[in-house]
Amino acid sequence: MNILGQAVKHKKYGKGVITELSENKITVCFAKSEKLFLFPEAFEQYLTLKNISIQTKIEKLNEERLRVIETGKQRMERDIKYRNRMYTMKIPLKSQVAYDILEEEITNLDYVETGCFLSGEMKGRPRTPSNVQPNSAVILTDCGNGGEDERCIIGIAMADEYFWGKECKDQQIKLHHKYKLILPYENRISFWRYFKREAFPDQWGRVPFKYFQNETMQKIIYDICNNAVGTEQEEETMELYSYFCSVNRIPEQTIT
């Protein structure tokens with residue numbers, strides 16, 4: 001789009017011609033003086049091109065510019081709201097999640113289902129993951145072809161940074177786009193290494209997820225990190241551990 005030499009009209013200075021374009025500024029020569037204007041902003045209020053076709057193109061430039069500005073404002077407002085909410089977030093003692101899932105379902109996993117209540121007055125209604133917040137991690141577990149004694153931790157993921165369980169309406173715990181790991185077979189850990197069998201019913205898998213204590217999750221992730229030392233997953237595992245400790249406001253332990 002070549003605007004040099006194009007005729008314009010200014011509300012105050014009258015008719016003129018564009019004589020120079022430099023980065024985001026244009027020079028317009030009027031009858032009695034030359035004036036410098038921002039481009040394309042000046043065409044929102046002050047300048048109008050005689051060439052309607054070029055004027056239309058500049059209007060579209062301004063529309064796109066305003067959309068970018070508005071998107072930036074919304075992102076900034078969202079970030080401020082997020083930081084404030086994270087700063088004031090109360091962390092329940094049990095805000096970590098153990099989830100029962102088939103191994104073939106964990107590839108490209110973006111969320112896990114909360115399921116429905118199985119009994120009582122709420123039977124059949126969706127479970128609201130009230131305790132799940134950005135500080136929550138989800139361990140993905142599976143028994144394979146064995147029984148409960150064979151249940152292993154096959155993966156782990158943080159909840160999405162903007163996920164608040166109390167506001168969940170779609171029965172889905174959104175998972176973080178970055179902090180997700182599928183553990184290689186040799187680094188998988190027995191689920192029952194961290195939990196007592198009496199704390200879980202025999203048919204544990206009938207309910208998709210269960211809450212457990214934050215300190216237990218820290219121990220699990222710490223052990224996963226130790227197992228990952230010297231492997232391809234070492235860096236991303238350490239990053240997940242650092243993120244977990246940060247959002248849970250707990251000090252990191254040295255990986256041995």
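A few remarks follow.
- Residue (of LEU4, ILE153, PHE195) at the positive-pole extreme of the chain, dipole from beta-carbon charges: LEU4
- Global form of the chain, assessed from the alpha-carbon gyration tensor, a/c cut-off 1.5: prolate
- Angle of helix 234-247 to the longest C-alpha principal axis of the chain, folded into 0 to 90 degrees and rounded to 10: 80°.
- Evaluating 6.51 cos²θ - 1.76 cosθ + 1.60 at θ = phi - 60° for every residue in the stretch 156-166, the Karplus couplings come out as 8, 8, 7, 5, 4, 5, 10, 8, 10, x, 5 Hz, glycine and proline recorded as x.
- Each Cα pair under 8 Å and six or more residues apart adds its separation to the average, and for the stretch 96-141 the resulting relative contact order is 59 percent.
- Gyration tensor verdict on the stretch 94-246 (Cα atoms; rounded if a/c is under 1.5, prolate if a/b is larger than b/c, oblate otherwise): oblate
- Once backbone amide H atoms are built at 1.01 Å from N, HIS176 has MET158, ALA159, ASP160 as its partners under 5 Å, excluding neighbours fewer than 5 places away on the same chain.
- Charging the Cβ of each Asp and Glu at -1 and of each Lys and Arg at +1, and nothing else, the dipole of the chain about its Cα centre rounds to 1940 debye.
- Gyration tensor verdict on the stretch 1-148 (Cα atoms; rounded if a/c is under 1.5, prolate if a/b is larger than b/c, oblate otherwise): prolate
- Backbone amide hydrogens, once placed in the peptide plane, bring ILE154 within less than 5 Å of LEU140, THR141, ASP142, excluding anything fewer than 5 places away on its chain.
- Residues LEU36 and LYS178, FRET efficiency given R0 of 45 Å [Cβ-Cβ distance, rounded to 0.05]: 0.50
- Trypsin sites (Lys or Arg not before Pro) within the stretch 1-93: DSSP coil, no more than 12 neighbouring Cβ in 10 Å: LYS11, LYS12, LYS32, LYS50, LYS90
- Proxy reagent accessibility, fewest Cβ within 10 Å first, across ASP142, ASP110, ASP100: ASP110, ASP100, ASP142
Where a number appears in this text, it was derived from the coordinates with a stated rule and is not lab data. Just so it is clear, the model here is predicted, and its values are computed rather than measured. A quick note on method: Cβ atoms are made from the backbone with ideal geometry, for glycine too, and the neighbour counts reach across all protein chains shown.
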